[in-house]
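Chemist: This structure is in structure tokens; I'll ask about it shortly.
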Amino acid sequence: MTISTAEDLRTASEEISFYGELPELVNTQIVVNGKGNVLVCEPGVTLQNSHIRFLGDHSVVYLGSNRHTYFLSLNLYNDTVFHMGRNNYINGTLNVILSEQKHCFIGDDCLFSFGIWLRTADPHLVYDSDTRQRTNPSKSIFIGDHVWIGQAAMLLKGTQIDSGSIIGAMSLVAGKKIPHNESWGGVPCRKLSGNLFWEGSCVHSWTETDTKLSQHFSGIAQKKKLSESAFQFAHKPNEEISFAVLEERLSSHDLNAIVSYLQELPLAKTKNRFVHCFTPPQKRIWLRRR
């Protein structure tokens with residue numbers, strides 16, 4: 001079945017369960033080719049030029065309240081969860097394909113530029129020639145709060161990005177664990193710099209006065225009534241929600257439990273919930289042969 005108006009959601013209970021407040025649908029289609037799927041919309045959701053396709057059974061789409069418009073192209077297969085938190089800005093269509101019971105979780109206050117793709121599977125099979133064991137399992141994607149993803153970036157299976165970080169334009173991020181308040185970019189993606197933060201003002205139409213004001217964050221902070229440390233995050237174990245815990249909760253076969261968990265997350269939100277203590281990889285030591 002195809003849903004193209006909010007009123008269609010009221011009468012689609014046999015094909016899809018809907019929870020929350022009816023969204024505004026503008027040139028948008030929700031296609032349901034499966035059973036037992038769930039759509040949850042918090043108040044203030046507008047979907048424009050979007051396509052949400054449930055292409056299997058028992059998947060969940062959760063869309064948080066947003067002062068911006070959603071532009072989404074979602075393909076969900078069996079037993080997958082797509083979560084997008086509150087007030088995320090999408091500049092162009094965000095493309096997501098969720099396969100093989102893996103998920104995509106996005107926090108709050110993120111910025112997505114044009115032409116971005118997120119995929120949890122390769123999706124074809126790769127095997128080791130000697131052992132015949134599969135070498136490319138599908139993996140979930142996790143993005144924390146206040147993350148900026150640059151134009152035409154591609155985020156592949158296993159990518160984990162902590163709060164406050166930046167992914168540069170045209171980057172290929174495959175299975176990286178990216179700490180908070182860092183900038184990464186390139187093909188393959190690598191760390192460019194750390195100990196930074198970003199603020200979402202757009203400079204396109206700025207005057208010379210605006211540019212001068214922006215040279216120190218105190219000018220922007222005063223103008224927008226922000227704390228000087230508004231976008232700086234820190235690892236605090238008492239606030240942390242691990243991505244492993246999210247994976248476990250989203251992989252429950254109880255869809256009501258998944259929905260309840262996602263509805264409760266904003267109620268207990270802490271600033272540093274998606275900041276983790278990553279152990280840096282050990283440097284490889286090369287021994288010169290004599």
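Chemist: Could you go through segment 57-78 and let me know if any residue there is out of contact with any strand residue (DSSP E or B) (no Cβ under 9 Å at 6 or more places or on another chain), within 20 Å of Lys102 (Cα to Cα) and either among the charged types (D, E, K, R) or in a loop (DSSP other than H, G, I, E, B) (or both).
Modeler: Within segment 57-78, one or more residues are out of contact with any strand residue (DSSP E or B) (no Cβ under 9 Å at 6 or more places or on another chain), within 20 Å of Lys102 (Cα to Cα) and either among the charged types (D, E, K, R) or in a loop (DSSP other than H, G, I, E, B) (or both).
Chemist: Using the structure shown, decide if Gly44 is surrounded by 18 or more Cβ atoms within 10 Å (Cβ to Cβ), small (Gly, Ala, Ser) and under 29 Å from Glu248 (Cα atoms).
Modeler: no
Chemist: Considering each of Glu239, Glu208 in turn, give the residue that is of a type in the set (D, E, K, R) and out of contact with any Ser or Thr (no Cβ under 9 Å at 6 or more places or on another chain).
Modeler: Exactly one of Glu239, Glu208 is of a type in the set (D, E, K, R) and out of contact with any Ser or Thr (no Cβ under 9 Å at 6 or more places or on another chain), namely Glu208.
Chemist: From the list Ser163, Ser218, which one is assigned to a helix (DSSP H, G or I) and not hydrophobic (A, V, I, L, M, F, W, C)?
Modeler: Only one candidate qualifies: Ser218.
Chemist: Across segment 7-30, what is the number of residues that are of a type in the set (Gly, Ala, Ser) and modelled with pLDDT under 90?
Modeler: Number satisfying all stated conditions: 2.
Chemist: Take the residues of segment 166-178 that are out of contact with any Ser or Thr (no Cβ under 7 Å at 6 or more places or on another chain) and crowded, with 21+ Cβ neighbours inside 10 Å: which is farthest from Phe243 (Cα to Cα)?
Modeler: Restricting to residues being out of contact with any Ser or Thr (no Cβ under 7 Å at 6 or more places or on another chain) and crowded, with 21+ Cβ neighbours inside 10 Å, the top hit is Ser171.
Chemist: Can you list residue pairs whose Cβ atoms sit under 6 Å apart, with the first residue in segment 135-151 being of a type in the set (Lys, Arg) and the second being surrounded by fewer than 21 Cβ atoms within 10 Å (Cβ to Cβ) and part of a loop (DSSP other than H, G, I, E, B)? Count only pairs 6 or more apart in sequence or on different chains.
Modeler: The qualifying pairs are Lys139/Gly158.
Chemist: Continuing with this model, one more query. Restricting attention to segment 240-290, which residues are in a loop (DSSP other than H, G, I, E, B), under 28 Å from Gly164 (Cβ atoms), charged (D, E, K, R) and at pLDDT 90 or above?
Modeler: Glu240, Lys269, Lys271, Arg273
Chemist: For segment 186-209, how many residues meet the condition of being assigned to a strand (DSSP E or B) and either more than 23 Å from His235 (Cα to Cα) or in contact with a Phe, Trp or Tyr (Cβ under 7 Å, 6 or more places away or on another chain) (or both)?
Modeler: 3
Chemist: Name the residue that is farthest from Arg273 (Cα to Cα), counting only residues in segment 201-243 that are aliphatic (A, V, I, L, M) and surrounded by 11 or more Cβ atoms within 10 Å (Cβ to Cβ).
Modeler: My answer is Leu213.
Chemist: Exactly one of these conditions fails for Asp128: (1) surrounded by fewer than 17 Cβ atoms within 10 Å (Cβ to Cβ); (2) over 30 Å from Glu239 (Cα atoms); (3) touching a residue at least 12 places away in the same chain (Cβ under 8 Å). Give me its number.
Modeler: Just one mismatch for Asp128, condition (3).
Chemist: Could you list all residues from segment 1-55 that are in contact with a strand residue (DSSP E or B) (Cβ under 9 Å, 6 or more places away or on another chain) and among the acidic types (Asp, Glu)?
Modeler: Selection gives Asp8, Glu15, Glu21, Glu24, Glu42.
Chemist: Does Leu192 fit the bill of being aliphatic (A, V, I, L, M) and in contact with a strand residue (DSSP E or B) (Cβ under 6 Å, 6 or more places away or on another chain)?
Modeler: When the stated conditions are applied, Leu192 passes them.
Chemist: Related question: Would you confirm whether any residue within segment 12-29 is closer than 19 Å to Thr93 by Cα, among the aliphatic types (A, V, I, L, M), crowded, with 17+ Cβ neighbours inside 10 Å and touching a residue at least 12 places away in the same chain (Cβ under 8 Å)?
Modeler: Checked against the condition, which is being closer than 19 Å to Thr93 by Cα, among the aliphatic types (A, V, I, L, M), crowded, with 17+ Cβ neighbours inside 10 Å and touching a residue at least 12 places away in the same chain (Cβ under 8 Å), segment 12-29 yields at least one hit.
Chemist: To continue, here is another question. Output the number of the condition that Arg67 fails; it satisfies all remaining conditions of (1) touching a Ser or Thr at 6+ places or on another chain (Cβ under 8 Å); (2) among the charged types (D, E, K, R); (3) surrounded by fewer than 15 Cβ atoms within 10 Å (Cβ to Cβ).
Modeler: The one condition Arg67 does not meet is (1).
Chemist: Sort out which residues of segment 83-92 are touching a residue at least 24 places away in the same chain (Cβ under 8 Å) and either closer than 20 Å to Gly36 by Cβ or not in a loop (DSSP other than H, G, I, E, B) (or both), and write them in order of number.
Modeler: His83, Tyr89 - these are the residues of segment 83-92 that are touching a residue at least 24 places away in the same chain (Cβ under 8 Å) and either closer than 20 Å to Gly36 by Cβ or not in a loop (DSSP other than H, G, I, E, B) (or both).
The values are calculated or read from the model by the stated rules, or taken from the named source; none is laboratory data. Every value quoted in this text rests on a predicted model; they were computed, and no experiment measured them. Cβ: placed from backbone, ideal geometry, glycine included. Neighbour counts: every protein chain shown.
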